[in-house]
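Peer 1: Quick one: structure below, then a few questions.
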Amino acid sequence: MMPNVLKPSKVFDNVLDSLAWCLTNRKFIFSKIVSKKHYFFSSSFLSFSTSPLSKLSAIQMLDNVTKCIAFLQSCADHKNLNKGKQFHSLMITYGFSLSPPSITSLINMYSKCGQMGEAILVFYDPCHERNVFAYNAIISGFVANGLASKGFQFYEKMRLEGVMPDKYTFPCVVRTCCEVKEVKKIHGCSLKMGLELDVFVGSALVNTYLKNGSMEDAQKVFGELPMRDVVLWNAMINGYAKIGCLDEALEVFRRMHVEGIAPGRFTITGILSIFASRGDLDNGKTVHGIVVKMGYDSGVAVSNALIDMYGKCKHIGDALIIFEMINEKDIFSWNSIISVHEQCGDHHGTLRLFDKMLGSGILPDLVTITTVLPACSHLAALMRGREIHGYMIINGFGKDDENGAIDDLHVSNAVMDMYAKCGSMNNALKIFDSMSNKDVASWNIMIMGYGMHGYALEALDMFSRMCEAEFKPDEVTLVGVLSACNHAGFVSQGRLFFAQMESTFGVIPTIEHYTCVIDMLGRAGHLEDAYEVAQKMPIQANPVVWRALLGACRLHGNAELAEVAARQVLQLEPEHCGSYVLMSNVYGVIGRYEEVLEVRKTMKEQNVKKTPGCSWIELKDGMHVFRTGDRTHSELNALTNQLCDIGFLLDEVLNLY
DNA sequence: GTAGGGTTAG
């Protein structure tokens, strides 16, 4: 029988696409068509799925409800809305749209294609009664399309209409719960109906209990289930992993292994995410070995999880190899490899890959945007950032009102941060003011941004507005406030904030706060005070603190204290060039040139190389980078001439005074 | 005819 179907008719010979489709869906063809002996149907079905609809093929297709259902299932599986819609209208024309199974399949097809509006229209069609199948299909559609509360509404409606839920209903309804007590209510209903021991209901319960933080309830359900399949084990493992109970997750994995259940692809991705968040390369590699052995390396989701694991373990090269090997890269693949670059600090790489992604025809989503924007922030690449913001506006990213204001908090924060870090505080403020919801991070971004660009008054004003709005400042807020005071030279105010940190704001100072204060005091010339803070602080001073003090000593020409600080830095971080440079500059400022040479000599002996200073500017044609002593820029002469002109101009202006 | 578990960002 089978060879006939695989090599049957003209359809396969003439339409290559049909053949490809047939091969990838062999299982479907065998189970749904061969077993039902619809040989004739198989060929007309394939021609229908690839060519425009003809009246003849429609009549051939529509002589049987089973065929209609099979076709709609296929449209649902392939998310082929056009064919599904065409077929729906044919079903209406030829009177095949009213049988209950057809209704269920139509709702299912529209749900799977993300068209809940159409699904509801079918559901509410007055010509038929709404049975449990139709309810299950519409509830599952809402849940799958991220409209959980709507799904729950339909469950309530179902109960009101007296339609009894069944074992298909509960797994979907459970997923709409956002609190343990809601889960318990549904769990109770399933108990009453004697469905609590169903493994589908059980795994949904385990998943939702864990998601809402009730490990006891999840364990109880898991323990009582008479039959445990791989999906249930995965629900336990991934549920624990998601809430950060990594040890528990691994323990369940171990038990699964002991009980002889083989891990599936879903198990593997979950386990990989655990080793990724731990940065555990050894175990991650072991899992990679298992992946290859089991032949799971052909699956895109497993590859994506491997990319993430290698990336989080800082093995960017291995992540790239896996990425390149994926034949059909999906949005997860791109987002993963982009985030790997961003996490490793390769911001140029992040933007390069983003361009490549756009070129490959995959459209970015909110995750892509929130990964790429920080790269623009780090590089102060305002134009790229604006482009991305523009792209978001045009494509309606994260917005949900007619004014186009972004409604996703994290995304608005990311856009705002990009503008703030790139120095465009006006635009950052526009976003900030347009936000209907703000969190501490939103305020922090504005405070930091103002402080960073020297607008200390605006930063402090933001801070007081934040307190008035009853947001509780956190560590980041106070770093922002202190650094604003630092850059503006508001020493007494800075001291006051620092003194009040614990008592008024409930924030225990970290090394960053101490560094800020020491830097602030030092810059203002209060060198002894700065040194005192560094000595008395309860945390051990790090090289950053000592370098701040060293910098202050250079500024104010205090060689004695500079030597103390330098000794500390050199002890903690002998290979860092900055301290040597600072020290030699200190000697330079106070005219002790022999010591300058001495420090330079030590640097040479210790083989310490100075990292060249680097600055860059982004223009229409791309990024222009300049390093100290670098003469490679293509328009160097023009630039030098321009600089000379500016120099002359300045001299003339100065001469006027 | 309709169900449960996964990978990316902050």
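Peer 1: Does the stretch A:405-448 hold any residues that are of a type in the set (S, T, Y) and closer than 19 Å to A:V479 by Cβ, and which are they? Give the steps one after another, and end with the answer.
Peer 2: Residues of the stretch A:405-448 of a type in the set (S, T, Y): A:412, A:419, A:424, A:434, A:436, A:442.
Scanning the stretch A:405-448 gives a single hit, A:S442.
Peer 1: Is there a residue in the stretch A:452-474 that is under 25 Å from the mean Cα position of the chain (by Cα), in a helix (DSSP H, G or I), within 15 Å of DNA strand B (Cβ to nearest atom) and under 30 Å from A:A552 (Cβ atoms)?
Peer 2: No - not one qualifying residue is present in the stretch A:452-474.
Peer 1: Which condition does A:N335 not pass, out of (1) surrounded by fewer than 22 Cβ atoms within 10 Å (Cβ to Cβ); (2) assigned to a helix (DSSP H, G or I), if it passes all the others?
Peer 2: Failed condition: (1).
Peer 1: Report, ordered by the first and then the second residue, all pairs with beta carbons closer than 7 Å, sequence separation of six or more or different chains, a first member in the stretch A:521-534 that is aromatic (F, W, Y), and a second member that is part of a helix (DSSP H, G or I) and crowded, with 22+ Cβ neighbours inside 10 Å.
Peer 2: Partner pairs satisfying both residue conditions: A:Y531/A:L549.
Peer 1: Out of all the residues in the stretch A:346-366, is one or more surrounded by fewer than 20 Cβ atoms within 10 Å (Cβ to Cβ), near DNA strand B (Cβ under 9 Å from one of its atoms) and in a helix (DSSP H, G or I)?
Peer 2: Of the residues in the stretch A:346-366, the ones surrounded by fewer than 20 Cβ atoms within 10 Å (Cβ to Cβ) are A:346-349, A:352, A:355-356, A:358-363, A:365-366.
Now drop any that are not near DNA strand B (Cβ under 9 Å from one of its atoms), which leaves A:365-366.
With in a helix (DSSP H, G or I) added as a condition, the list becomes A:366.
Yes: the stretch A:346-366 contains one or more residues that are surrounded by fewer than 20 Cβ atoms within 10 Å (Cβ to Cβ), near DNA strand B (Cβ under 9 Å from one of its atoms) and in a helix (DSSP H, G or I).
Peer 1: A follow-up question, please. Checking the conditions here, which among A:I69, A:I103 is free of Cβ contacts under 8 Å to residues at least 40 places away in the same chain, in contact with a Pro (Cβ under 6 Å, 6 or more places away or on another chain), assigned to a helix (DSSP H, G or I) and crowded, with 16+ Cβ neighbours inside 10 Å? So that I can check it myself, show each step before the final result.
Peer 2: Details: A:I103 fails: in contact with a Pro (Cβ under 6 Å, 6 or more places away or on another chain).
Unique residue meeting the criteria: A:I69.
Peer 1: Scan the stretch A:260-280 for residues that are more than 11 Å from DNA strand B (Cβ to nearest atom) and either at pLDDT 95 or above or buried (at least 16 other Cβ atoms within 10 Å of the Cβ) (or both) and jot them down. Break it down into steps so the answer makes sense when it comes.
Peer 2: The initial filter retains those residues of the stretch A:260-280 that are more than 11 Å from DNA strand B (Cβ to nearest atom), namely A:260, A:278-280.
Listed by number, the residues that qualify are A:R278, A:G279, A:D280.
Peer 1: So which residues in the stretch A:102-130 are more than 15 Å from A:A76 (Cβ to Cβ) and among the aliphatic types (A, V, I, L, M), if there are any at all? Full working, then the answer.
Peer 2: Filtering the stretch A:102-130 for residues more than 15 Å from A:A76 (Cβ to Cβ) gives A:117, A:120-121, A:123-130.
Answer for the stretch A:102-130, where residues must be more than 15 Å from A:A76 (Cβ to Cβ) and among the aliphatic types (A, V, I, L, M): A:I120, A:L121.
Peer 1: Out of everything in the stretch A:212-241 that is within 9 Å of DNA strand B (Cβ to nearest atom) and either farther than 19 Å from A:L272 by Cα or of a type in the set (S, T, N, Q) (or both), what residue ends up being surrounded by the fewest Cβ atoms within 10 Å (Cβ to Cβ)?
Peer 2: Taking the candidates together, the pick is A:M227.
Peer 1: Give the residue that is surrounded by the fewest Cβ atoms within 10 Å (Cβ to Cβ), with candidates limited to residues of the stretch A:108-135 that are outside any helix (DSSP H, G or I) and within 9 Å of DNA strand B (Cβ to nearest atom).
Peer 2: Within the stretch A:108-135, the first condition is being outside any helix (DSSP H, G or I), and the residues that meet it are A:113-115, A:124-131.
Applying the additional criterion that residues be within 9 Å of DNA strand B (Cβ to nearest atom) yields A:128, A:131.
Working: A:H128: 16, A:N131: 13.
Ranking the candidates gives A:N131 first.
Peer 1: Check the stretch A:64-72 and report whether any residue there is under 29 Å from A:F170 (Cβ atoms), modelled with pLDDT under 95 and polar (S, T, N, Q).
Peer 2: Yes.
Peer 1: Check whether at least one residue in the stretch A:136-159 is part of a loop (DSSP other than H, G, I, E, B) and within 27 Å of A:L197 (Cβ to Cβ), and report yes or no.
Peer 2: Initial filter on the stretch A:136-159 (part of a loop (DSSP other than H, G, I, E, B)): A:145-147.
Checking which are within 27 Å of A:L197 (Cβ to Cβ) leaves us with none.
Within the stretch A:136-159 (the criterion being part of a loop (DSSP other than H, G, I, E, B) and within 27 Å of A:L197 (Cβ to Cβ)), the answer is no, since none of the residues qualifies.
Residues are listed down the side, and each one gets a yes or a no for (1) at pLDDT below 90; (2) over 26 Å from A:L457 (Cα atoms); (3) within 14 Å of DNA strand B (Cβ to nearest atom):
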{"residue": "A:S377", "(1), (2), (3)": "no, no, yes"}
{"residue": "A:R386", "(1), (2), (3)": "no, yes, no"}
{"residue": "A:I394", "(1), (2), (3)": "yes, yes, no"}
{"residue": "A:L429", "(1), (2), (3)": "no, no, no"}
{"residue": "A:S436", "(1), (2), (3)": "yes, no, no"}
{"residue": "A:D439", "(1), (2), (3)": "no, no, yes"}
{"residue": "A:N444", "(1), (2), (3)": "no, no, yes"}
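Peer 1: Go through (1) surrounded by fewer than 18 Cβ atoms within 10 Å (Cβ to Cβ); (2) within 14 Å of DNA strand B (Cβ to nearest atom); (3) touching a residue at least 24 places away in the same chain (Cβ under 8 Å) for A:E179 and report which single condition fails.
Peer 2: (2)
Peer 1: With respect to A:N486, determine if the residue is assigned by TED's automatic domain parsing to the domain that holds A:L373 and in a helix (DSSP H, G or I). Reasoning before the result, please.
Peer 2: Details: assigned by TED's automatic domain parsing to the domain that holds A:L373: no; in a helix (DSSP H, G or I): yes.
Criteria not met by A:N486.
The values are calculated or read from the model by the stated rules, or taken from the named source; none is laboratory data. In this text, all values refer to a predicted model and were calculated from it rather than measured experimentally. Don't worry about glycine lacking a Cβ; one is built from the backbone with ideal geometry, like all the others, and counts go over all protein chains shown.
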